[in-house]
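Just below is one structure, and these are the notes that go with it.
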Amino acid sequence: MVPYEEILNLIHMAFKERVENNIQFTVASFSLDNLKEHTQNGCFITMWDGHLLVGSVTLNRKKKKNLKYGSQDHLAVHPDYKRKGIGAMLLKNLVEVAKKEKMPFVSST
């Protein structure tokens, strides 16, 4: 089961400083319903430190005409874990999942 509440809390924490500096990201103001709706065709790739969620990224499955591809969304890293390579590891795992699903490319929103 996807821990939507934990992922949403992580996203809000990860973008809090930017929002406080008037740098707006749509995902920073998502509600639980927004997150579920926006990721209904996707999968979450997460990283944990014990029971603490420290990073998350979404790979949304998209299709245009007959081309199946991915869209990387919602990359978030816990503020206490930034600059430790977590984002890079999440993106590496995302690429591996995309390859397994035979996606020729992944876009980033």
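Every number in this text was worked out from the coordinates using simple rules, so none of it is lab data. No experiment lies behind these values; they were computed from the predicted model shown. Reconstructed Cβ throughout: ideal geometry from the backbone, glycine too, with neighbour counts over all protein chains shown.
For region 38-109, which trypsin sites (Lys or Arg not before Pro) are in a loop by DSSP, counting at most 11 other Cβ atoms within 10 Å?
When the trypsin sites (Lys or Arg not before Pro) of region 38-109 are filtered for loop state and at most 11 Cβ neighbours within 10 Å, Lys65, Arg83, Lys102 remain.
What's the FRET efficiency of Asp80 with Lys102 using the Cβ-Cβ distance as r and R₀ = 25 Å, to the nearest 0.05?
0.10
Distances over 16 Å make up what percent of all Cα-Cα pairs in region 10-74? Write out the running numbers ahead of the final one.
On the way: 1170 of 2080 pairs.
Everything past 16 Å amounts to 56 percent.
Taking every pair of Cα atoms in the chain, average 1/r, invert it to obtain the Kirkwood radius, and report Rg/Rh to two decimals.
0.97
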